[in-house]
Amino acid sequence: VRRPFTKVHVAGNSFLLLDAAEWSGVTDLPALARRLCDPRTGVGADWLAWITAGGADGACATACFFRCDGVEDRSGNGLLCAAWFAFRRGWLTNPARRGGTEIAGLIATRDGVHEVTIETSAEVNDEINEVPGAWRTTAVTWAWNPWRIRNTLPPAVHKWLAAEYPEPLSHLKMGWVDAGSPFVVIPYLPTDAEFHRISSWLENHPAFPGGTSVVWAEDEWGHESTLRVWRRGIGETASSGLATCAYLAWVGESSSVWMNYPGGELTGEGQAGSGKHNPPKKPKRTPGVSLLRFSPKGAYFTWPDLYRMHGPVKPVCEGWGDA
Amino acid sequence: LTAAAPFTKMQAVGNDFVVVEAAEWPEGTDWPALAQRVCDRHFGVGGDGLLVVSGSDRADVRMRMYNPDGTEDMCGNGLRCVIRFAAGRGTLGERGTVETIAGVRPFALLPDGRIDADMGIPRFAPPDLPMKVSGERVVDFPLDVCGELLPVTVVSTGTTHTVVFVDELPGDERFFLLSPHIEHHPAFPERTSVMWTRVAGPDRLELRIWERGAGETLGCGTGSCAAAVAAQVTRRVAASQIAVASKGGELEVRWRPTDAMTIHLIGGAEAVYSGLLAAEPA
């Protein structure tokens, strides 16, 4: 049976978008993600987004995101894509809020309900030189519970990095952000060899039982940063929405920051105190679920506690694949 | 999708292609530019090449194959994808011919679902490869690569292939270091693909493949032919029917080192999905 899908990308981070109603009867979503995301024998993408019309708390759609290795994970760019898809399907129809250029709504995911807006004016399209049919999409995500941050890495990890790459890693302040999906943050732009070797090693380190993503970043002008991201289960991605927020959380930035990725630009901004949680409130963790196998002692919690990210969703193709 | 145009994604032993019928696309389409756009795995459909199918004065159909960098080339796995694509649309029957950049290639659809494609006669003379060396053939020639003398055998099976026989297929570090240096070696004016080849039995080869303009690929039809031919001319293998395995699967190559014996490449090809491509960026 041939079923429809849409392939899009956000600054080179590629997604297959599936309307759950059109893929009814398919239950093994991890296997479907692995098969469809295979670049050569499948359609090829970093992620598969499984999107259902409607949802809890007034959401216009509910989205689940599966990495190309079949594991469900949190995705910032996926939220943007789900919003774009909901808009294209006519599910996201709330009235415009600013001069008729935006349509707003809610998208539900495993970790809560997120505000999204889509800017549709010709002015915006011209400004960012979009292809026809592409819209600048904004998603708002909360730092649930809130996110945990720590300005050190596990001793064994730090020791290895300092031994293998004494310059410059032994002198850098590295850390991690638990954004519902863990990110190690290294404030340095690596060579290709360093990027692949260290990122891969960190992803598979026992300190991170489910694997970790790695953000390599360098601040340029205060409000502009250059990033390179290794996403767990995927490898290098051309951009990452969640890494954008995780990096903002780590540097404690609350104003708007341009993030330059290999695949293009995303912007992110923090907003203090407007979410549900304020520091130093203790986070509630699900018993038995730990992303990090080392002491969170010394961790602090995100301030601000709400992040907004912006990025263009660009369609690549529509297709029909086998269920 | 605005101004969308149709395509089919196909694969043969993990070598994947975006296949389009020229008549369904606007006249004057810039195929090399389209190849660069659609083959990109982050921003496009993703593929090892673009295959353009059109009518021909010399054969039943014509195929043009473009690498992801936009250069035009010949491709054995691409040829089988084109045959499956055109047969599926009723343009080709069980036997026929396809015009390629390397000449007209006859084919037959086999009862077991595979395709037997005639890949033409292998060429060995340096001007035909092309390669800037003297002599009649390039067999176990010591090529200086990053200061290391690698014994290489170079064969053209419609496109240039450098076959490097090894006891063990190279790991990532050696593969990604040496392969691009061989591809861009000054001895190859039009660059070369690289077939790292292990003799795994009296009638079996294993490959790790680096294709010019594409990098590592899971399979390569012309490269499998080149490796099988090189294994015979260097007397590493005596069989005339050779199984050639790569990361994407297995192909069968039939050839005897006699004058005017064409190579037969036998394997499958399948459509993965059909789609409509979004409009080109402004």
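The figures follow:
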read-out	value
Net charge dipole size for the stretch B:25-70 [Lys, Arg +1 and Asp, Glu -1 on Cβ; Debye, nearest 20]	60
Sum of side-chain charges, B:Lys247 neighbourhood, beta-carbon under 12 Å (Lys, Arg +1; Asp, Glu -1)	-1
For B:Asp203, net neighbour charge (Lys/Arg +1, Asp/Glu -1) across residues whose Cβ lies under 15 Å away	+3
Neighbour-count ranking [beta-carbon atoms within 10 angstrom, fewest first] of A:Thr109, A:Thr191	A:Thr191, A:Thr109
Residue exposure sequence - A:Ser240, A:Ser24 - by fewest surrounding Cβ within 10 Å	A:Ser24, A:Ser240
Likely footprinting exposure, B:Ile101, A:Ile198, A:Ile149, B:Ile209, fewest C-beta neighbours within 10 Å first	B:Ile101, A:Ile198, A:Ile149, B:Ile209
Eligible aspartates and glutamates near A:Lys7 by straight Cα distance, threshold 16 Å, same-chain separation 8 or greater	A:Asp19, A:Glu22, A:Asp38, A:Asp46, A:Glu318, A:Asp322, B:Asp40, B:Glu280
Cα point-scatterer Debye curve for the stretch B:73-166, base-10 log of I(q)/I(0) at q = 0.17, 0.18, 0.23 Å⁻¹	-0.78, -0.82, -1.07
Calculated FRET efficiency for the pair A:Lys159/B:Asp112, C-beta based, R₀ 60 Å, to 0.05	0.55
Kirkwood hydrodynamic radius (C-alpha pairs) into Stokes-Einstein, the stretch A:1-114, 10 °C and 1.306 mPa s, D in µm²/s	111
Cα pair distances of the stretch B:117-243 binned at 5 Å [whole percent]	2, 12, 24, 27, 21, 11, 3, 0
Principal axis dimensions, the stretch B:27-101 - Cα atoms, whole angstrom, descending	37, 21, 21
For the stretch A:46-82 and the stretch B:103-140, distance of Cα centres in Å	48
nm² value of the averaged projected area, convex hull over the Cα atoms of the protein assembly as shown	29.6
Size of electric dipole in the stretch B:97-231: Cβ of Lys, Arg +1 and of Asp, Glu -1, about Cα centre, debye, nearest 20	240
Label point distance in nm, A:Trp201-B:Ala33, each placed 7 Å from Cα along Cα→Cβ	4.5
Rg(Cα) / (2.2 N^0.38 Å) computed for chain B, rounded to two decimals	0.97
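Every number here is computed from the coordinates shown, using simple stated rules; none is lab data. Note that the structure is predicted; figures quoted are calculated from it, not measured. Heads up, the Cβs are rebuilt from the backbone with ideal geometry, glycines too, and the neighbour counts pull from every protein chain shown.
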